[in-house]
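Inspection log for the structure reproduced underneath, given as structure tokens.
The values are calculated or read from the model by the stated rules, or taken from the named source; none is laboratory data. Since the model is a prediction, treat every value here as computed from it, not as a measurement. Quick reminder, even Gly has a Cβ in these numbers, built from the backbone with ideal geometry, and neighbours come from all protein chains shown.
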Amino acid sequence: MLGSLRRRGFLLSAWPWRSLAYLAGTAVIATPVSIAMACVTLPWLALLGWAVSGHERGTSVTVPELVAAVLVGAVLVTTLGPALAMPLAALERRRLALIDARPISSGHRPPPPGLAAWLRARYTEPATWREVAYAAFMAFVVPVGYGIAALAVFLDLVLIASPWLAGDSANEISLGPARVITAGQAAPYAIAGVVLLPLVPYLFGLLASAHGAVARALLGDAGHAALREVSRSRARLVDAFEAERRRIERDLHDGAQHRLTSLTLQLGMARLDLPEGSAAAGPLATAHDQAKELMVVLRDLIHGIHPQVLSDLGLPAAIRELTGRSPVPVTLTVQSGLDQRPPERLESVAYFVVSEALTNVTRHAGAAHAQVDLSGTGGLLVVEVRDDGHGGADPDAGSGLTGLADRVAAVGGRLLLASPTGGPTLVRAELPWNR
Amino acid sequence: MTRVVLAEDGVLLREGLAGVLARFGFEVVAAVGDAGALIDAVRTGETDLVVTDIRMPPGFSDEGLRAAVELRDRHPGLAVVVLSQYIQYEYASALLDSGGGRSVGYLLKDRVVDVADFVTALRTVVGGGTVVDHEVVRQLLRRPRDPLATLSAREREVLALVAEGHSNAAIARRLFVTEAAVVKHVGNILAKLGIPPTEDANRRVLAVLAYLRATV
């Protein structure tokens, strides 16, 4: 809308008419809204009235009166304000389409079932109170702003009509500071009025855009819908990424790893049948050893992509295997609530958290012992890794904690770190089971 | 001649293993690709040894292990060696719990490429011994609050070799000590693990079981 104001064809476009329609609509709606809001805020308005008139008379409002008026007003606004503001907001969001092509969605969250829950949700969310602010804007600011604009338009019309006004009546008419008596005298003012006439649609456009901007700011969802979509798409990406890792793991295992094991076995067989000290024995032994090393490399690579034990046997078994590999002794406790397997991506993230945390324990913590706890209670999958090391883990020091937090956030969870200098260090990930 | 049923879902590796077994004088009576076929093969023919992968179709989890435990319950004295893709103490202990822990082996799958060692392990199991992969033993010995914490470093070493199925003489050769010293170490281990002195030669297996159970 503001952009169209700057374009050359504005006057001939539909925008002035759309603006006019919007402004006319506003005038119709603002009247009852003003009355209703005035009723709701009556104690405050009355207080203001008393204060002003009392000031003139030399009396002042007493403290009990002040407190009573403020409190009653506050009660009225908090109870009736939302009831008035929410339907108004719904109407205003629809009406905004007249002057603003961008879609606007409500900042309200999807309502929970049940009237009491609905009321609680609505009365506690910021979107509701921004709508109340909009109702106040509509009731008290709009009449003033629109009034000034209407006065300007009216004055221009008077200028244009001044020769006729002057001609019809014998009286002098007042045009601001100037006074005219005859139509002839009025002619220059009329010309000025005609020249100013094309500015009127611009005034409409400007006023409608300003109102629209306020409406968008107070009635929209302040970017939350976009954010929700971004986080949903991030979750989808993570899922796709996870599925891809599994596919690669399977392909490597079924293809390369299997063939390599078979090849190494054949080399081992050939080695047995060659007489010791023959020309081929040395190179064959080397080939066999290299093939065995390659098996280890490939196994570690596959394990890093996606541990097979995780897909096969689930989280507790996979973490048990992980703790077995850790150079620092680790005790694993699996609490109840994990009888059922968590969704795959949670398993993956939880495994990754424990794996990274144990790597950090080994590399940085200087710990003698670590403890891993796994539990699934209250809709959360919780993994905790603690060690008895010297603490002081810094998420900014590139210890992989940032990457860890990102992966946890991608499934809607959160990562907590407590690592005072001197230890101990605790890493805790809370992952919501359902999302 | 030892009659073997081999179960492994990868065709190349299955054929390779069958080749190894034949080369070392085992008779491969059946080479199958899943747990159901393994059970059928053992039921229909005379079998001395089963060598099976743990992870097999259709579920690719522990089909081979469950089949092995079931077969040992049904055919007492059947020797079983399972090959595992990764270390799971539950696997090892479920297996050792079956059939009194005798004639049983738990090896990481990658071990098969050291052909001579692999065949030695098979022969140990066929001879009534117990073989646990040395990686499993290594990890168990490092675990915290382990009943083995009371053992000395040398005793741990000896126990590890016992678990891998070596005889006293073989252990003595490996550690460059006399066989009498090994006998003394084994005696200390059994005493420390609270295994009562009986005439049963199975006490060595009980020692291996003791720490597997305690740590799982």
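Some notes on this structure:
- Among the residues listed as B:119, B:112, B:131, the single one being more than 14 Å from every other protein chain (Cβ to nearest Cβ) and at pLDDT 85 or above: B:131
For every residue, the table says whether it meets (1) farther than 30 Å from residue A:121 by Cβ; (2) aliphatic (A, V, I, L, M); (3) without any contact (Cβ under 8 Å) to a residue 12 or more places away in the chain; (4) not in a helix (DSSP H, G or I).
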position	(1), (2), (3), (4)
A:11	yes, yes, no, no
A:29	no, yes, no, no
A:37	no, yes, no, no
A:44	no, no, no, no
A:50	yes, no, no, no
A:59	yes, no, yes, yes
A:66	yes, yes, no, no
A:74	no, yes, yes, no
A:80	no, yes, no, no
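- The residue that is farthest from the other protein chains (Cβ to nearest Cβ), counting only those in segment A:309-341 that are in contact with a Gly (Cβ under 7 Å, 6 or more places away or on another chain) and not small (Gly, Ala, Ser), is A:338.
- Filtering segment A:350-364 for residues that are under 33 Å from the mean Cα position of the chain (by Cα) and over 23 Å from residue A:327 (Cα atoms) leaves an empty set.
- Checking each residue of segment B:72-89 against the condition of being within 15 Å of the chain's Cα centre (by Cα), farther than 26 Å from residue A:250 by Cα and either without any contact (Cβ under 8 Å) to a residue 12 or more places away in the chain or crowded, with 23+ Cβ neighbours inside 10 Å (or both) gives at least one match.
- Residue A:287 meets each of the listed conditions (1) surrounded by fewer than 15 Cβ atoms within 10 Å (Cβ to Cβ); (2) under 21 Å from residue A:258 (Cα atoms); (3) among the small types (Gly, Ala, Ser) apart from (1).
- Residue B:35 meets all of the listed conditions (1) in contact with an Asp or Glu (Cβ under 9 Å, 6 or more places away or on another chain); (2) buried (at least 21 other Cβ atoms within 10 Å of the Cβ); (3) within 13 Å of chain A (Cβ to nearest Cβ); (4) of a type outside the set (D, E, K, R) but one, namely (3).
- Segment B:1-24 - residue that is assigned to a loop (DSSP other than H, G, I, E, B) and over 20 Å from the mean Cα position of the chain (by Cα) and, of those, nearest to the other protein chains (Cβ to nearest Cβ): B:10
- Residue in segment B:79-98 that is closer than 30 Å to residue A:273 by Cβ, in contact with a strand residue (DSSP E or B) (Cβ under 7 Å, 6 or more places away or on another chain), within 14 Å of chain A (Cβ to nearest Cβ) and of a type in the set (Gly, Ala, Ser) present: yes
- Single residue of A:276, A:293 found to be without any contact (Cβ under 8 Å) to a residue 12 or more places away in the chain, out of contact with any helix residue (DSSP H, G or I) (no Cβ under 7 Å at 6 or more places or on another chain) and either small (Gly, Ala, Ser) or farther than 26 Å from residue B:22 by Cα (or both): A:293
- Annotation: residue A:353 fulfils all but one of (1) surrounded by 18 or more Cβ atoms within 10 Å (Cβ to Cβ); (2) free of Cβ contacts under 8 Å to residues at least 60 places away in the same chain; the unmet one is (2).
- Matching option when the condition is under 30 Å from residue A:236 (Cβ atoms), small (Gly, Ala, Ser) and without any contact (Cβ under 8 Å) to a residue 40 or more places away in the chain, among A:393, A:397, A:409, A:418: A:409
- Counting the residues of segment A:356-371 that are crowded, with 24+ Cβ neighbours inside 10 Å and closer than 18 Å to residue A:408 by Cα gives 2.
- All helices (runs of 4 or more DSSP H) inside segment A:184-293 with 3 or more residues being away from every other protein chain (no Cβ under 14 Å) and within 30 Å of residue B:86 (Cα to Cα): A:224-251
- Some residue of segment B:56-78 being in contact with a helix residue (DSSP H, G or I) (Cβ under 9 Å, 6 or more places away or on another chain), part of a strand (DSSP E or B), more than 10 Å from chain A (Cβ to nearest Cβ) and at pLDDT below 95: no
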